[in-house]
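S.K.: Got a structure here, written out as structure tokens. Questions coming.
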Amino acid sequence: MLKIKFITVGSLAERHWREACDEYKKRLSLTCKVEDCELKETKIAKNPTDGDIAKVLEDEADRILAQIPQRAYTVALCIEGKQLSSEELASLLDSKATEGYSDICFIIGSSHGLSDRVKKAANHRMSMSRLTFPHQLARVMLFEAVYRAGEINRGTKYHK
């Protein structure tokens, strides 16, 4: 069974975001093993310098990279990543499972993004949109997108 791990920096503060993610985790769990790894965002000064941000990103990178299973296919969400349609994401997941990957990790960084080290370590860089979204919403959107991709691969009517 395919294992999908969501590694995210920062918590879901509002109940409605948690409930939405929980719903998609429940749906996903019917067809794959789901792990939601939530890492604490590193504290930073109110008006951080570029150096402060770089230091925080490197601290978060250490903790993110430590959570990635060996031989996992990793997808880093970042603005410079490639935008995929639902069908393309479904194809990506299907092809990686066919290629023998049993673990797929999706990584969402903190409000400052991801360090270059995490991006370089990723097998794929993906962008949700050219628009900017709150991290909590992006997390819900990612859960839904992965669920939709799985339903496309299963041939259900969820994706119309």
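S.K.: Search the structure for amide H atoms under 5 Å from the amide H of Cys105, placed 1.01 Å from N in the peptide plane, and list their residues when 5 or more places away or on another chain.
M.R.: Hits under the 5 Å cutoff: Lys5, Tyr73, Thr74, Val75.
S.K.: Using the alpha-carbon centroid of each, what span in Å lies between region 107-149 and region 21-63?
M.R.: After rounding, the separation between the Cα centres reads 10 Å.
S.K.: May I ask you to evaluate 6.51 cos²θ - 1.76 cosθ + 1.60, the Karplus curve with θ = phi - 60°, for each residue of region 112-124 and list the ³J(HN,Hα) values in order in whole Hz, giving x for glycine and proline?
M.R.: 9, x, 10, 5, 4, 4, 5, 4, 5, 6, 6, 6, 8
S.K.: Please say if the chain is rounded, prolate or oblate, where rounded means a/c under 1.5 for a ≥ b ≥ c the square roots of the C-alpha gyration tensor eigenvalues, and otherwise the choice is prolate for a/b larger than b/c and oblate otherwise?
M.R.: prolate
S.K.: Can you work out the Karplus-derived ³J(HN,Hα) for every residue in region 57-65? Use 6.51 cos²θ - 1.76 cosθ + 1.60 with θ = phi - 60°, whole Hz, and x for glycine or proline.
M.R.: 4, 5, 4, 5, 4, 4, 6, 5, 4
S.K.: Additional query: Which value, in Å², gives the accessible area per residue of the chain when a 1.4 Å probe is used on the protein heavy atoms?
M.R.: Accessible surface, normalised per residue, equals 57 Å².
S.K.: What distance in nm lies between label points placed 7 Å from Cα along the C-beta direction at Ala54 and Thr98?
M.R.: If labels sit at Ala54 and Thr98, their model points lie 4.3 nm apart.
S.K.: Would you mind checking the pairs Lys5/Lys160; Lys120/Lys160; Lys40/Lys82; Lys40/Lys160; Lys25/Lys119 and listing those with alpha carbons more than 32 angstrom apart?
M.R.: Lys120/Lys160; Lys40/Lys160
S.K.: Could you tell me which of rounded, prolate or oblate describes region 99-146, using a ≥ b ≥ c as the square roots of the eigenvalues of the alpha-carbon gyration tensor, with rounded for a/c under 1.5 and, failing that, prolate when a/b is larger than b/c and oblate otherwise?
M.R.: It is oblate, given that a/c is not under 1.5 and a/b is not larger than b/c.
The values are calculated or read from the model by the stated rules, or taken from the named source; none is laboratory data. A quick note: this is a predicted structure, and the numbers were derived from the prediction, not measured. Every residue, glycine among them, receives a Cβ derived from its backbone with ideal geometry; neighbour counts consider all protein chains shown. Accessible surface areas use protein heavy atoms only, side chains included; no ligands, DNA or RNA. Shrake-Rupley method; radii C 1.70, N 1.55, O 1.52, S 1.80 Å.
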